[in-house]
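As structure tokens, the structure follows; a few thoughts come after it.
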Amino acid sequence: MSTERKKRLAFRPSLGGSTLEDRVVLSTTRTGVVAAAALHAAQNQQLVTPQELLQVRNIYAQQFRAAYNDLRNYAFNQIVGAYSDAGLTPRQRLDFTQFSNIMSTIGGALNATALRVSAQYNLLPASDNLTNNFQTSLLSDARRSLVNQLLAIGNSRSATRSETALLNAVKNVINNNAIQNLNKQNAYFRNTNFNAALAGTQNVQSAGVSAAAVRTNATGTSALQQFMLNRAVNQFNNGFGALGSAFNNAALNTVFGGNANNAFDPNGLTGLSSQFNNAATNLGFQLSSALRAVPGLTNQNQIVNNLQTGFFGNGTNPGLVTSLDNAFANNPTFSNLTNSVNGAFNTAYGQLAGSLSNLTGQTLPTVNPITGNFSSLFNSNFNSPTFNGGFNTGFGTGFPGFGTVPSNLNNFNTGFSGLANNFAMSSGFTVPTGTGFTIPTGTGLGTGTGTGLGTGTGTGLGFGTGTGLA
């Protein structure tokens, strides 16, 4: 056998690291042979230039530091506020209940930070391990996870002897976790073969396509930017679909007493309004987080602002809330309400998808946002009814934080909503004051729930199944 033939036989194209949805299925048909040749050519072309990869790496480093800065500042504000609310001097010590309430609130902010960074990691090719390791380092029941290291501060009398000591202890724990995870992020960028990871995602028609043609499309969008924008759009589809599916579940519990055969109870609309406003903000928070990581995208805030208008527009430009409000107008049965809600979400999706398509240059698929298998950005360990009381599953509704919050999770909910709301507002997504569903009493008066997040008082630190703060 010739040396040249041995070399040819030794080559085996690898899809290592590609996620399932990015892989190309090779066949023995002529089409399969062409696809294999195209894949081989693409893997050996420079789909991602070193300059572009450096740009993306710098963006992710910047976004990573911003996420941890926001988390640290939020934690500091909770500690300073607790001292002020309790009337303590900086040299005094918080009692167990005060410390527990702070940690439960910070636990909610940790959960929001995990979602924020995961939304950005999800845009990168072959990033599943990076995402899972990050979530585990923050939220797991491992002794060295960030949540457990924060809890352990309560066992140190020196770390809790004063306001300054507590602030320093929390800062050190958060900073150490940030350093560890930033090192993992840098290792991902060093070790990932972006050309090979992206090769299977390109619409390469022949093995003779030039590197420049593969690297950019007709609009000048690079292969990596195209991939990231597609992922961002898929996140929106998935999140909006999960929210639409969850709405009927939340309505069942709030205005039908948990029984589809019960009569409609308009008094439950106040609670449903507040829940929906928070859930919509959570979706705005997730989309804002993802878009900030896309290189070359300069209209992130316009996209997010259009999302807000699609939800809360009124007058000549009514949004989703107006359509949902109309569904409650005639004291509907649960079956009738479900049909109306499905129609409202489908209509809103068409409008929002068109706007998102125009602003990102992507073509959104035709989907039914109410039915489908919607996945979570949280891995299965942190997306279960037993983790943090089921917060990430929406307490059974299917959308993070959308549902009736148990009293022992009030502080956790405040922490998650507080950090998410602050970030969403900075990106242009704000729930207009007075937004709420109208109680159909014939008077036309709105419930006016506003944008308040609810402070919750809590009674201490709950420990569920040992998977984190509850």
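Residues in the stretch 161-174 that are charged (D, E, K, R) and either in a helix (DSSP H, G or I) or within 26 Å of ILE59 (Cα to Cα) (or both): how many? Here the count works out to 2.
For the stretch 267-306, filtered to residues that are touching a Leu at 6+ places or on another chain (Cβ under 9 Å) and not in a helix (DSSP H, G or I), the residue that is modelled with the highest pLDDT is ALA293. Residues in the stretch 371-397 that are closer than 26 Å to ASN346 by Cβ, in a helix (DSSP H, G or I) and in contact (Cβ under 8 Å) with a residue 40 or more places away in the chain: ASN392, GLY394, GLY396.
Count of the stretch 374-416 residues, restricted to those that are of a type in the set (Ser, Thr, Tyr) and closer than 25 Å to ASN234 by Cβ, is 6. Of ASN379, ASN388, all but one fail to be over 16 Å from the mean Cα position of the chain (by Cα) and within 19 Å of VAL147 (Cα to Cα); the exception is ASN388. Restricting the stretch 175-211 to residues that are outside any loop (DSSP other than H, G, I, E, B) and modelled with pLDDT under 95, the residue that is nearest to ASN73 (Cα to Cα) is PHE194.
Annotation note: Cβ proximity below 7 Å between a residue of the stretch 406-424 that is without any contact (Cβ under 8 Å) to a residue 60 or more places away in the chain and a residue that is surrounded by fewer than 24 Cβ atoms within 10 Å (Cβ to Cβ) and part of a helix (DSSP H, G or I) (sequence gap 6+ or interchain) occurs for PRO406/GLY389. Each residue in the stretch 315-348 was checked for being closer than 14 Å to THR438 by Cα and not aliphatic (A, V, I, L, M), and 8 of them qualify.
Taking the options SER100, SER158, name whichever one is more than 17 Å from LEU71 (Cα to Cα), over 14 Å from the mean Cα position of the chain (by Cα), buried (at least 20 other Cβ atoms within 10 Å of the Cβ) and polar (S, T, N, Q).
Checking each option against the conditions leaves just SER100.
Taking (1) surrounded by fewer than 15 Cβ atoms within 10 Å (Cβ to Cβ); (2) of a type outside the set (Asp, Glu); (3) on the phi > 0 side of the Ramachandran plot in turn, ALA126 satisfies each apart from (1).
Of the helices (runs of 4 or more DSSP H) contained entirely in the stretch 43-151, those carrying at least 1 residues that are acidic (Asp, Glu), in contact (Cβ under 8 Å) with a residue 40 or more places away in the chain and closer than 18 Å to ILE179 by Cβ fall at 50-86.
The values are calculated or read from the model by the stated rules, or taken from the named source; none is laboratory data. Everything numeric here is computed off the predicted structure, so don't read it as measured data. Cβ atoms come from the backbone with ideal geometry, glycine included; neighbour counts cover every protein chain shown.
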